[in-house]
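Q: Below is the structure I would like to discuss, written out as structure tokens.
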């Protein structure tokens, strides 16, 4: 609180009334000016519901936050002995928002950061697609134009689908990648392999081409 007369921040409380919000009568310790102030409400703990996802598994839990805090997507929290990142917030009106005062939050959605990133890799062989699931470090970088290899098959990355968009150029970290799209290269292709992902494959399936 700042004295409106001299700007000094040191004061003496002469009188106080109210429970939640306190109305104060204070006197400046410097110039002696007496004025009224409203004391800020003390922050209190709120237990908020959280849904944490870890690959195909998800579970409900709770986290204690303070009433004077503001939460936004991308915020890192430590819940159930795990580092998690807030991916979505539902307010008390049932709307999904990117940011919200804690007092107005109904549910928090978050993803675990204590695991490897699991992403799909679809390799197109003239319309027939071999689809893999791989698990790599979250900071692993994949770029458009990269030449990779899985189980002896070389492919060139031509598309990346992240959590927010489809990419035809640039690069992305594995932590935000949902799927990588590549075209099978001929066995005679002499392109240098940037990375061999064979050891990171956890599942392989085949399907028809579906990426536009």
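Q: Roughly what % of DSSP beta bridges within region 1-118 run antiparallel, to the nearest 5?
A: On the way: 38 of 43 bridges.
Around 90 percent antiparallel, to the nearest 5.
Q: Between residue 107 and residue 46, what length in nm is gained on full extension when 0.36 nm per residue of separation is reduced by their alpha carbon distance? Walk me through the numbers on the way to the answer.
A: Working: separation 61, 0.36 × 61 = 21.96 nm, distance 1.21 nm.
Length gained, residue 107 through residue 46: 20.7 nm.
Q: Give me the Å³ per residue figure for the convex hull around the C-alpha atoms of the chain.
A: Details: hull volume 40.3 nm³, N = 212.
It is 190 Å³ per residue.
Q: So between residue 141 and residue 199, what do we pick up on full extension, going 0.36 nm a residue minus the alpha carbon distance? Intermediate values should be presented prior to the final figure.
A: Numbers: separation 58, 0.36 × 58 = 20.88 nm, distance 1.66 nm.
Full extension from residue 141 to residue 199 adds 19.2 nm.
Q: At R0 = 25 Å, how high is the FRET efficiency between residue 166 and residue 190 if r is their beta carbon distance? Nearest 0.05 is fine. Provide the component values of the computation, followed by the final result.
A: Working: r = 29 Å, r/R0 = 1.17.
Result of the calculation: an efficiency of 0.30.
Q: Can you check what the Kirkwood hydrodynamic radius comes to for region 48-171, Cα pairs only, in Å to one decimal? Numbers along the way, then the final one.
A: On the way: mean 1/r = 0.0593 Å⁻¹.
Taking every pair of different Cα atoms in region 48-171, averaging 1/r and inverting gives 16.8 Å.
Q: Can you give me the distance in nm between label points at residue 58 and residue 176, each placed 7 Å from the Cα along the Cα-to-Cβ direction?
A: About 2.2 nm separates the two model spin labels.
Q: Where does each of 158-168, 110-120, 3-13 land if you order them by average Cβ count within 10 Å, highest first? Before the final figure, lay out each step's value.
A: On the way: 158-168: 15.2, 110-120: 17.8, 3-13: 12.8.
Result, highest mean first: 110-120, 158-168, 3-13.
Q: What is the calculated FRET efficiency for residue 85 to residue 38, with r their C-beta to C-beta distance and R₀ = 35 Å, to the nearest 0.05?
A: Working: r = 37 Å, r/R0 = 1.05.
Computed FRET efficiency for residue 85 and residue 38 comes out at 0.45.
Q: What ranking do 186-198, 143-155, 47-59 get when scored by the average of other Cβ atoms within 10 Å per residue, highest first? Display every interim value, and only then the final one.
A: Working: 186-198: 11.5, 143-155: 16.7, 47-59: 14.0.
Answer by packing, highest mean first, reads 143-155, 47-59, 186-198.
Q: Rounded if a/c is under 1.5, else prolate if a/b beats b/c, else oblate: with a ≥ b ≥ c from the C-alpha gyration tensor eigenvalues square-rooted, which is region 117-208?
A: Values: a/c = 1.36, a/b = 1.30, b/c = 1.05.
Rounded.
Values quoted throughout were computed directly from the atomic coordinates according to the rules given, and no laboratory measurement underlies them. All of these numbers come straight from a predicted model, not from anything done at the bench. For neighbour counting, all protein chains shown are included, and Cβ atoms are generated from backbone atoms with ideal geometry for every residue, glycine included.
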